[in-house]
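The values are calculated or read from the model by the stated rules, or taken from the named source; none is laboratory data. Not measured: the values here are computed from a predicted model. Heads up, the Cβs are rebuilt from the backbone with ideal geometry, glycines too, and the neighbour counts pull from every protein chain shown. For accessibility, only protein heavy atoms count, side chains too; no ligands or nucleic acids. Shrake-Rupley method; radii C 1.70, N 1.55, O 1.52, S 1.80 Å.
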Amino acid sequence: MIALAHLKQQGGALINLGSELSDIALPLQAAYVASKHAVKGYTDALRMELIEERAPVSVTLIKPSGIHTQFVEHARRRSCMQRARRFAISMWAVHRQPW
């Protein structure tokens, strides 16, 4: 918002960085996808506001494609660990019940 105040006075370009996941959703990546959807929504709304104001600012969203990282594998392992932890807690609770 601070940069935008300067750009409105002098003109210029605001560039936000999203992802190809700004437009789609994938399992095991809910938080990441949600954050990228938010960046896209913010960028689109801001662009419309600036057009309405006739501000001399262009607004662009760059959406690079994915690269191979351990992100999905990490999310899958974490998801499996969370399910195993929930199962272990539920089994502990069952065995602690006085029958």
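What number of residues within the range 1-59 satisfy the criterion of being under 30 Å from residue 70 (Cα atoms), in a helix (DSSP H, G or I) and of a type outside the set (A, V, I, L, M, F, W, C)? Before the answer, list the steps.
Narrowing the range 1-59 to residues under 30 Å from residue 70 (Cα atoms): 15-43.
Filter again for in a helix (DSSP H, G or I), leaving 20-22, 30-43.
Filter once more, keeping what is of a type outside the set (A, V, I, L, M, F, W, C): 20, 22, 32, 35-37, 40-43.
Qualifying residue count for the region: 10.
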Return the pairs, sorted by first residue and then second, in which the second residue is hydrophobic (A, V, I, L, M, F, W, C) and open to solvent by 80 Å² or more (accessible area, probe 1.4 Å), the first residue lies in the range 4-30 and is farther than 20 Å from residue 40 by Cα, the beta carbons are less than 8 Å apart, and the residues are 6+ apart or on different chains.
none
